[in-house]
1. When all C-alpha to C-alpha distances in region 35-166 are sorted into bins of 5 Å, what percent of pairs does each bin hold, rounded to whole numbers?
2. Based on other C-beta atoms within 10 Å, arrange H40, H143, H103 from fewest to most.
3. Given a Förster radius of 22 Å and the C-beta distance between Q83 and D31 as r, what FRET efficiency does 1/(1 + (r/R0)^6) yield to the nearest 0.05?
Amino acid sequence: MKWKLWERAAAVGLILSLALSCTGTIAASEDIPSRVLRLHVLANSDSAADQALKLKVRDRILKDSGVWFTNADTRAQAEAQAQAHLSDLQRQAEDELRQNGCHDRVRVSLEDTWFPTRQYGKLTFPAGTYRALRVVIGQGAGHNWWCVLFPALCLPTAEPKKDLDDVLTKPEEQLTGSQYRIQFKTVELYESLENWLKNLNF
């Protein structure tokens, strides 16, 4: 559909106004995804049984893989550990399923994955494309679970070498506070509108 000139101008103007209203937030929030590694576990479906299995797989992976990630000083090191142990992680996940009478296959990979703004405890992570260790059970069509592998925020029994404030700059650290959630929603809206505008047929 062809857009009229005034409609196109209005869309561009809205994006520019959003960008100007949160320029600092956008600049700092764009760097946060590059500093963390997320774990993303997707259930086969939304049935109660599949959701329960998802949590069992999650617990098994966190229990067995903690030592690989707690010694990482950088995201690159954590990512290298994940890459080196992809087959081990798959075996752990499938073994946990078999112990619980499930014969679904599991796919484990490192991928760039888009996440919306999400609250994690007292922290708020902005929308963006994050590097993620993805564990997909069966069809992967159910609700997902995620956490932060680096820094090791989701390994409660571990003593990580790096905490979140060790890997974020001061502005980025301040942005993860919950008071910035509204600003992150504005950034998320800005990015959604920008992508939408790119796909329009002018």
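Only the coordinates and a few stated rules stand behind these numbers; no lab work does. If you're wondering where the values come from, they're calculated on a predicted model, not measured in any experiment. With ideal geometry, Cβ positions are generated from the backbone for all residues, glycine too; neighbour counts draw on all protein chains shown.
1. Histogram of Cα-Cα distances, whole percents per bin: 2, 11, 22, 24, 21, 14, 6, 1, 0.
2. Numbers: H40 20, H143 12, H103 8.
The order, fewest Cβ neighbours first, is H103, H143, H40.
3. Details: r = 23 Å, r/R0 = 1.03.
For R0 = 22 Å, the calculated efficiency reads 0.45.
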